[in-house]
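Reviewing the structure listed below.
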Amino acid sequence: MTSKLTGKEAYIRAIDQLEQAGIKPLVKFPASNDNISKLEQHLEIALPISYKCMLRDFGILMFEGNMIYGLGKTGVFGNSAPNVVFVTKDRIENSEISQSMIEIMPSGYGPFFVIDCSKMDADGEAPVYLVSAGGYEVECEKVADSFGEFLLNEVNMLLEET
């Protein structure tokens, strides 16, 4: 019996698989621990471990047409996507997501992906959901138990296509 990967292990595996396939992220703005703390304070949430790893390693993760929102050069004060604070606050103000959710990626066809930080587990991970264009109260489908698992699934789908 194989044990399930932790969110951090899945995140590391996803990045390793990208590197092994020769795929390098297009943008790299590693976020400092200070900026990550400011992000958590600004949105009044605790972020999951695997998402924090991505922020520390890349800030914003872009590869092969995929874009994971995060922190860039402007830190928490960005005023457009892919700044996670900007897109999250916009979705909250429009009642499309709850105060405990952060938007991490567009789907490319209307719905978008969020982490629900209110559902943090004992390992410091939170599930990822696909939210309909109408908002989380209209339709919200769980797609992964952690950001790391979500990213690994995205990478596996990409590598299957190539």
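The values are calculated or read from the model by the stated rules, or taken from the named source; none is laboratory data. The structure presented is a predicted model; accordingly, all values stated were derived computationally and were not measured. Cβ sites come from the backbone with ideal geometry, for glycine too, and all protein chains shown count toward neighbours.
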| Filter result (of a type in the set (A, V, I, L, M), more than 17 Å from Ala144 (Cβ to Cβ) and within 13 Å of the chain's Cα centre (by Cα)) within the range 1-60 | Leu55, Ile60
| Is there a residue in the range 40-54 that is in contact with a Lys or Arg (Cβ under 8 Å, 6 or more places away or on another chain), surrounded by 21 or more Cβ atoms within 10 Å (Cβ to Cβ) and either closer than 16 Å to Ile115 by Cα or at pLDDT 95 or above (or both)? | yes
| remark: The strands (runs of 3 or more DSSP E) lying wholly within the range 1-119 that contain at least 2 residues that are in contact with a strand residue (DSSP E or B) (Cβ under 7 Å, 6 or more places away or on another chain) and under 28 Å from Tyr136 (Cα atoms) are 66-68, 101-106, 112-116
| What do you reckon, is Tyr129 closer than 22 Å to Arg13 by Cβ and among the hydroxyl-bearing types (Ser, Thr, Tyr)? | yes
| the range 135-155 residues that are closer than 18 Å to Val87 by Cβ, paired with ones that are part of a strand (DSSP E or B) and at pLDDT below 95 (beta carbon under 8 Å, 6 or more apart) | Glu154/Asn66
| request: Give me a count of the residues in the range 80-101 that are more than 21 Å from Asn33 (Cα to Cα) and among the polar types (S, T, N, Q). | output: 5
| Among the residues of the range 9-28, how many are farther than 20 Å from Leu159 by Cα and crowded, with 16+ Cβ neighbours inside 10 Å? | 0
| remark: Within the range 72-124, of all residues that are more than 13 Å from the chain's Cα centre (by Cα) and acidic (Asp, Glu), the one surrounded by the most Cβ atoms within 10 Å (Cβ to Cβ) is Glu96
| Residue among Tyr129, Tyr69, Tyr109 that alone is closer than 17 Å to Lys28 by Cα and among the aromatic types (Phe, Trp, Tyr) | Tyr69
| query | Does Glu149 fit the bill of being within 19 Å of Ala46 (Cβ to Cβ), assigned to a strand (DSSP E or B) and either under 12 Å from the mean Cα position of the chain (by Cα) or aliphatic (A, V, I, L, M) (or both)? | reply | no
